[in-house]
Amino acid sequence: MHLLRLLLTGAATLREGRVPVRVEGHRERLLTVKRGEMKWAEVDQWRKELHRDFEQALAETKLPERPDYEKANGFLIRARKEMARPS
């Protein structure tokens, strides 16, 4: 179930440029897998479909090859300084 969720989230991230936390559209199906109520052949088929979708999203993504490390580091430093300020 976790692999399936990661594939769903990964493909969505590559397409949307943000990490979706919720997977409502797939929640019940994922829970069916988690509870062991779906046959392995069906789980494996879904996994293969999601993997193909992930690969396609990776090929088409508009995200940069590498993150902007300087910008991310600047954000983290500002956030930490703000949290360290006395109230």
Original post:
Which distance in nm do the two modelled labels at Tyr69 and His51 give, with both placed 7 Å along the Cα-to-Cβ direction?
Top reply: 3.1
Original post:
Taking a 1.4 Å probe, which of Trp46, Trp40 shows the most accessible area, and what order do the others take after it?
Top reply: Trp40, Trp46
**OP:** Considering only Ala57, Ala11, Ala41, give the residue with the highest GNM mean-square fluctuation for the chain, with springs between Cα atoms whenever their separation is below 10 Å.
**Re:** Ala41
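What FRET efficiency comes out for the pair Glu16/Ser87, r = Cβ-Cβ distance, R0 = 41 Å, nearest 0.05?
Working: r = 36 Å, r/R0 = 0.87.
So, using R0 = 41 Å, E works out to roughly 0.70.
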Original post:
Taking only protein heavy atoms and a 1.4 Å probe, what accessible area per residue, in Å², does the chain have with all protein chains in place?
Top reply: 85
**OP:** Springs between alpha-carbon atoms under 10 Å, Gaussian network over the chain: tell me which of Leu63, Leu30, Leu76 tops the mean-square fluctuations.
**Re:** Leu76
**OP:** Grab every C-alpha pair in the chain, bin the distances at 5 angstrom width from 0 up to the longest one, and report whole percents.
**Re:** 3, 13, 17, 16, 13, 11, 9, 8, 6, 3, 1, 0
Original post:
By how many nm would the segment from Ala79 to Ala59 grow when fully extended, if each residue of separation counts as 0.36 nm and the alpha-carbon distance is taken off?
Top reply: 3.9 nm
Original post:
Using θ = phi - 60° and the Karplus form 6.51 cos²θ - 1.76 cosθ + 1.60, what ³J(HN,Hα) does each residue of region 70-78 get, whole Hz, x for Gly and Pro?
Top reply: 5, 5, 5, 5, x, 4, 5, 5, 4
**OP:** Might you report the magnitude of the Cβ-based charge dipole of the chain about its Cα centre, with Lys and Arg at +1 and Asp and Glu at -1, to the nearest 20 debye?
**Re:** 440
**OP:** Find the relative contact order for the chain and round it to a whole percent, using C-alpha pairs within less than 8 Å whose residues are 6+ positions apart.
**Re:** 38
Subject >> In region 1-78, the GluC sites (Glu not before Pro) that fall in loop regions by DSSP, at most 15 other Cβ within 10 Å >> reply: Glu37, Glu65
Original post:
Got a number for carbon plus sulfur as a percent of the chain's accessible area, 1.4 Å probe?
Top reply: 55
Subject >> region 1-49, relative contact order in percent, only Cα pairs under 8 angstrom and at least six apart counted >> reply: 40
Original post:
Of Lys39, Lys62, Lys48, which has the largest mean-square fluctuation in a 10 Å C-alpha GNM of the chain?
Top reply: Lys39
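The values are calculated or read from the model by the stated rules, or taken from the named source; none is laboratory data. What you are looking at is a predicted structure, and each value in this text was computed from that prediction instead of being measured. Virtual Cβ from ideal backbone geometry, glycine too; neighbours counted across all protein chains shown. In case anyone asks, the SASA skips ligands and DNA or RNA and just uses the protein heavy atoms, side chains included. Shrake-Rupley method; radii C 1.70, N 1.55, O 1.52, S 1.80 Å.
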